[in-house]
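Report on one structure; see the data block that follows.
The values are calculated or read from the model by the stated rules, or taken from the named source; none is laboratory data. Source: prediction; values computed, not measured. Virtual Cβ from ideal backbone geometry, glycine too; neighbours counted across all protein chains shown.
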Amino acid sequence: MDQISGKRSNRVLHALYFVIVTMTSVGYGDLVPKSDTTKLLACAFVFTGMAIIALFISKAADYLVEKQEVLFFKAMHMNMKGGEAKMLRAMETYRIKYKFYTVALLLVMIIVTGNLFLWKVEKPSLVDSFYCVCATMTTLGYVDKCFSSKLGPIFAIFWVIMSTILLAQFFQYVAELAENARQMGAQQEDNNHGP
């Protein structure tokens, strides 16, 4: 922490906050490396940190999404006749769509949570809190808005990771839905122009 510039009240907490903000590439700029060695370490850490997120944390998030997907599907198709086997076949058919819906719902929840936390704890306007949420989730990370209260870095450690992963998954499923629709359209056209 002695090699990092910026306002901090708790060395361990703000060191962890700096690591999370760096590895997710958000980089608010409220805490920045001040020596050449620390700058090189931050450069190395942003790449390794993003790889760690991609490999490990996204798997955990995908596991949670799949569990939510099963519950979501069961709730929508409780009265389906034919038992669990039929439900599993239908679930496989609509797997991408349900993943998309589940991630979209979780994404809305994480956006609302971030906005409420910022608005109530950090005390910006509603527009500024939404602006901070969007800048964080997209890893834009402008310097003018960030988590600066005593509770802010604690919340950010968890929220930044979840929000960036959910946004990436959301766009992944949008792309998969578009590709799936394209393939189904091509398959239907082949069936219409069959031999």
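Within region 10-33, residues that are touching a residue at least 60 places away in the same chain (Cβ under 8 Å) and within 21 Å of A168 (Cβ to Cβ) reach partners that are assigned to a loop (DSSP other than H, G, I, E, B) and of a type in the set (F, W, Y) with beta carbons closer than 7 Å, at six or more positions or on different chains, in the pairs V21/Y28.
Confirm whether L55 is in a helix (DSSP H, G or I), surrounded by fewer than 16 Cβ atoms within 10 Å (Cβ to Cβ) and modelled with pLDDT under 70. For L55, the condition - in a helix (DSSP H, G or I), surrounded by fewer than 16 Cβ atoms within 10 Å (Cβ to Cβ) and modelled with pLDDT under 70 - is met.
Please indicate, with yes or no, whether at least one residue in region 94-102 is surrounded by 15 or more Cβ atoms within 10 Å (Cβ to Cβ), part of a helix (DSSP H, G or I) and modelled with pLDDT of 90 or more. The answer is no, given that none of the residues of region 94-102 is surrounded by 15 or more Cβ atoms within 10 Å (Cβ to Cβ), part of a helix (DSSP H, G or I) and modelled with pLDDT of 90 or more. In summary, K123 fulfils each of the numbered conditions (1) at pLDDT 80 or above; (2) at negative phi; (3) more than 14 Å from the chain's Cα centre (by Cα) with the single exception of condition (2). Name the residues in region 132-150 that are in a helix (DSSP H, G or I) and buried (at least 18 other Cβ atoms within 10 Å of the Cβ), would you? The answer is C132, V133, A135, T136, M137. Within region 36-50, one or more residues are at pLDDT 80 or above, of a type in the set (S, T, Y) and exposed (fewer than 13 other Cβ atoms within 10 Å of the Cβ). Taken together, the criteria place L105 among residues that are under 28 Å from I157 (Cβ atoms), modelled with pLDDT of 70 or more and either in a helix (DSSP H, G or I) or within 13 Å of the chain's Cα centre (by Cα) (or both).
When the residues of region 1-35 are filtered to those that are in a helix (DSSP H, G or I) and exposed (fewer than 13 other Cβ atoms within 10 Å of the Cβ), which remaining residue is modelled with the highest pLDDT?
Filtering region 1-35 for residues in a helix (DSSP H, G or I) gives 11-23.
After this cut, where a residue has to be exposed (fewer than 13 other Cβ atoms within 10 Å of the Cβ) as well, the list is 11-12.
Values: R11: 78, V12: 83.
So the residue we want is V12.
Taking each residue of region 156-184 that is of a type in the set (V, I, T) and surrounded by 15 or more Cβ atoms within 10 Å (Cβ to Cβ) and looking for partners that are modelled with pLDDT under 80 and in a helix (DSSP H, G or I) with beta-carbon atoms closer than 8 Å, six or more apart or interchain, yields I161/I53; I161/I57; T164/I53; I165/I53; I165/I57; I165/S58; I165/A61.
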